[in-house]
Amino acid sequence: MRDLNIGATVRIVTPPSGTPLDLGHGHTLEWRRIEGELHGAQINHAGKDGQPCRYGWIYFGEPAGWTLESEDPPTVSPSILCTACGDHGFIRDGRWVVA
């Protein structure tokens, strides 16, 4: 897990309804912007114990390795593996696809 510690203000950007985007399969997405520029996302999901897992951050571009193929509908590559709980899948066309 990489720490975002660059001294900038992080603003959570969610859909107009004010709620995170539902990806299905118990996953939601919240975009992360720094000074207006999209830098990553929080993937909210439950861990193996059923409690919310706190390790669902992904960052776009180097050195993180994830590519934002589309913001609407969200599509990200490669797959996302949560090293804390083992959750693994893809975000394709705004949906969570279990790996």
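Derivation of every value follows stated rules applied to the coordinates shown; laboratory data play no part. Since the model is a prediction, treat every value here as computed from it, not as a measurement.
Going out from 0 in 5 Å bins, what whole percent of all Cα-Cα distances in the stretch 10-98 drops into each bin?
3, 14, 26, 29, 19, 8, 1, 0
Which ³J(HN,Hα) values in Hz, rounded to whole numbers, follow from the phi angles of the stretch 77-93 under the Karplus curve 6.51 cos²θ - 1.76 cosθ + 1.60, where θ = phi - 60° and Gly and Pro get x?
9, x, 4, 10, 10, 7, 6, 7, 10, x, 4, 9, x, 10, 10, 10, 6
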